[in-house]
Amino acid sequence: MKKIHHKRRRPRIDILFTFVISTLILGAGYLLFLSSNGSASPSKNKGHATAPPSTIDTMDSKYPGIKIISEISNDLDIPFAIQYPQSAHETFNDTIKTYIKKANNAYLTEIMEQQKPKNKLTAELNISFETYVHPSGLYSFVLLSDSSVEGANKTTEIRTFLLNPETGQSPTIEDILEHDVERLKNVATTVQGQLHKDLSIKDDLLANKIEEYTQPIWDNYRRFALTDDAIVFYFNPSEITTGSLDTPSVSIPLVTLNDLLAADYKGKEEKKPVGKRVALTFDDGPELNVTTQILETLKKYDAKATFFMLGSRVEYYPEIAKSVQAAGHELGNHSWNHPNLNKADINKIQEEINKTSAIIEEVTGQKATLFRPPYGAFNDTVKAQSDLPIALWDVDTLDWKHRNADQLLAHIKQHTKDGSIILMHDIHQSTADGLDAVLAYLQSEGYTFVTVSELN
Ligand code: ZN
């Protein structure tokens, strides 16, 4: 499990931004200095937490529907720089603003309580945030608030706010775990284990505090974010460490929690890397003995293939056609009588294709999914008459010509590559006889045997 650190690492833009702001503040301070020298100025501490004048800006973010509000103090003695997200949803915006206001008030109150001339104080408040997007479109905003007054009271606080930008709703941890405390217990165990393994805070951890703040009660798990593939739980450093400034967090891949998560939040199972694949195709059948033998060999290797059948032969060997379907192979249409359709008129083309599709479905109960024109010959007219995708091949074994099991294998060895579609005919005994060696060879080369549609 990976761990997300939230150190004092600032993106470059923030550094630039801070520089510009600092320059402005210095400039403003200088002007104030000039004016206060000119006349009696009310620059003394007034004794209550009035927010100093500030500059508020609204910027676009790279996240659709989200703006960044930035508020910078214009009072050099009470500096603060606050950034927070704003959406199109008022309830969400109010929640964030309330939090910001509270944090700012706490800061100002603490300054006031120092009972020191404010120009003798060293104080700082920075609130910044990071944005994560879950594949469902859900935003997670992680607000980090650093404040210090007189150096000694440096505190770091983390808060998270979730937003479904379409509905304006903010899912809670109860929503994510479907209000099931057993699931929360499961998550808590993982979180506890990860925290104890976290070397970056190892020396600062307070074991009894970890226990308290990771107990499986909902309130302990309200600070979380959903990233593209993980759920991250945050803890305030003051809660579980001896004054570490690193923000402890635990990131758990969503896929490992899929049994616990509500449907909208489940992680995507990663697809297994696809190895080399090949599609074996058999044309012009079915035939009584050859097709049957081929089916047996395919079964031996747990191989799926595609059979491009002639309608006339399906009519003649319905039981064989049926057993091809029953073995789980793909069924293709190869016309009724095997004419060169480029030389046929529209009515003939339609009849060849439609009659064949009809009998395949009638006999096997399964629809043909592909059309392979006889000889691979087709023009725009033929194409326009076929509702089915046209499927050709790239490896022609010429099995109809050489009728030789050894040559069948030699052709395939020479021409097959990942993704190949191999053309054979299940009407030649030599093809049935050579197939075992072909499958053994391809398997030893790491190929899996798929249907043409699976390949595409
Ligand atoms: Zn053919």
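The values are calculated or read from the model by the stated rules, or taken from the named source; none is laboratory data. This structure is a prediction, so every number in the text was calculated from the model and none was measured. Here Cβ is always computed from backbone atoms with ideal geometry, including for glycine, and neighbour counts include all displayed protein chains.
When residues in region 66-86 are screened for being part of a loop (DSSP other than H, G, I, E, B) and either out of contact with any strand residue (DSSP E or B) (no Cβ under 6 Å at 6 or more places or on another chain) or β-branched (V, I, T) (or both), 5 of them pass. Only residues that are surrounded by fewer than 22 Cβ atoms within 10 Å (Cβ to Cβ) and away from the ligand (no atom under 15 Å from the Cβ) were counted in region 304-328, giving 12. A single member of A410, A437, A391, A384 is surrounded by 13 or more Cβ atoms within 10 Å (Cβ to Cβ), among the aliphatic types (A, V, I, L, M) and either under 41 Å from the mean Cα position of the chain (by Cα) or within 21 Å of M309 (Cβ to Cβ) (or both), and it is A391. Of all residues in region 344-353, exactly one satisfies the criterion of being over 15 Å from A377 (Cβ atoms) and buried (at least 16 other Cβ atoms within 10 Å of the Cβ), namely E351. Under the condition of being touching a residue at least 40 places away in the same chain (Cβ under 8 Å) and exposed (fewer than 15 other Cβ atoms within 10 Å of the Cβ), the residues counted in region 206-228 number 3. Pairing each residue of region 299-310 that is within 14 Å of A368 (Cβ to Cβ) with any residue that is among the aromatic types (F, W, Y), provided the two are 6+ apart or on different chains, yields C-beta distances under 6 Å for F307/F282. Taken over region 349-380, the criterion of being more than 19 Å from V314 (Cβ to Cβ) and either in contact with a helix residue (DSSP H, G or I) (Cβ under 9 Å, 6 or more places away or on another chain) or within 11 Å of the ligand (Cβ to nearest atom) (or both) is satisfied by Y375, G376, A377, F378, N379. Among the residues of region 117-142, just one is touching a His at 6+ places or on another chain (Cβ under 8 Å) and among the aliphatic types (A, V, I, L, M), namely V142. Each residue in region 420-429 was checked for being away from the ligand (no atom under 16 Å from the Cβ) and either at pLDDT below 95 or surrounded by 14 or more Cβ atoms within 10 Å (Cβ to Cβ) (or both), and 1 pass.
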